[in-house]
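Accompanying notes for the structure given below.
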Amino acid sequence: FSCWLFQQDCCTWLDNLSSLTVNKTIAGDDAEAERAFRFTITLSDKSVNGEYGSVIFENGVAVVELKGGESVTIDKLPNGVNYTVAEDDYSSDRYETTKSGDSGMIIGNDVAVASFTNTRNKVVTPPPVVHVPDTSDNTGAAGWLSLGLASACGLIGIIVYRKKEEIK
């Protein structure tokens, strides 16, 4: 099968073209379903310019935004081109990113796939620790005996003082 394809003032054999797909997945109980995540796609061939499907390259670099569950496929990329797909850093928004296929080479008629999953869960705040003062009594029998003796002495002192006052 031989067929010529004109693209950006250069001739390329159709069977030497391939594709790159970028997939976006979000997970977790606090992920933002409507949030768009930004990706930069960089090709080793800086002569790749123009529109490839819905993606526009300039000097081998393109920027796309994807929401969870979305993907973009870039068709008719030259065979043998290395690629890197980098997602902006969303760790300050509590997202943890896992990725696969984020760099590689466009080979033959295969579709290279770069997949990114951002996971964000709700922050679990532990309940506040309430300090309850210790109100237990650890005085023991000796303490109670001492308190009783002190009270008795005080009572005797009051009685003696009143008797002296009556005598006067």
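The values are calculated or read from the model by the stated rules, or taken from the named source; none is laboratory data. This one's a predicted model, so the numbers in the text were calculated from it and none came from an experiment. Glycine also receives a Cβ, built like all others from the backbone with ideal geometry; neighbour counts cover every protein chain displayed. Ligands, DNA and RNA are excluded from the accessible area calculation, which covers all protein heavy atoms including side chains. Shrake-Rupley method; radii C 1.70, N 1.55, O 1.52, S 1.80 Å.
Relative contact order for the chain: 25 percent, from Cα pairs under 8 Å spaced at least 6 residues apart, divided by residue count. Packing order of peptides 112-118, 154-160, highest average first: 112-118, 154-160 (average count of other Cβ atoms within 10 Å over each peptide's residues). Counting only residues at least eight positions apart within a chain, or on another chain, the lysines with an alpha carbon under 27 Å from that of LYS122 are LYS24, LYS67, LYS99. Computed extension length for CYS153-VAL61: 23.5 nm, one decimal, from 0.36 nm per residue of separation with the Cα-Cα distance subtracted. Legend: translational diffusion of the range 109-154 by Stokes-Einstein, Rh = Kirkwood radius over C-alpha pairs, 25 °C, 0.890 mPa s; D = 134 µm²/s. Between LYS164 and ARG38, what is the label-point separation in nm under the 7 Å Cα-to-beta-carbon projection? Between ARG38 and LYS164, the label points sit 9.3 nm apart.
Seen from ALA36, the other residues with C-beta closer than 12 Å to its C-beta sum to a net charge of -2, counting Lys and Arg as +1 and Asp and Glu as -1. Placing a pseudo-label 7 Å from each Cα along the Cα-to-Cβ vector at TYR90 and THR135 gives an inter-label distance of 5.2 nm.
Expressed as a whole percent, the accessible area of the chain that falls on carbon and sulfur atoms is 56 (1.4 Å probe). Computing P(r) over Cα pairs in 10 Å bins from 0, in percent for the structure here picks out one of (i) 5, 17, 17, 15, 9, 10, 8, 7, 5, 4, 3, 0; (ii) 8, 25, 17, 9, 5, 4, 4, 5, 6, 6, 5, 3, 1, 0; (iii) 9, 36, 32, 16, 6, 0, namely (ii).
Averaging the Cα positions of each part gives two centres, and for the range 54-105 and the range 26-48 these lie 6 Å apart.
Seen against the Cα atoms of the chain and their longest principal axis, helix 140-167 is set at about 40 degrees.
Rounded to two decimals, the Cα radius of gyration of the range 22-62 over 2.2 N^0.38 Å is 1.55. For the peptides 28-36, 64-72, the ranking by mean Cβ contacts within 10 Å, running from highest to lowest, is 64-72, 28-36. Ignoring lysines fewer than eight residues from LYS163 along the same chain, none have Cα atoms less than 19 angstrom from its Cα.
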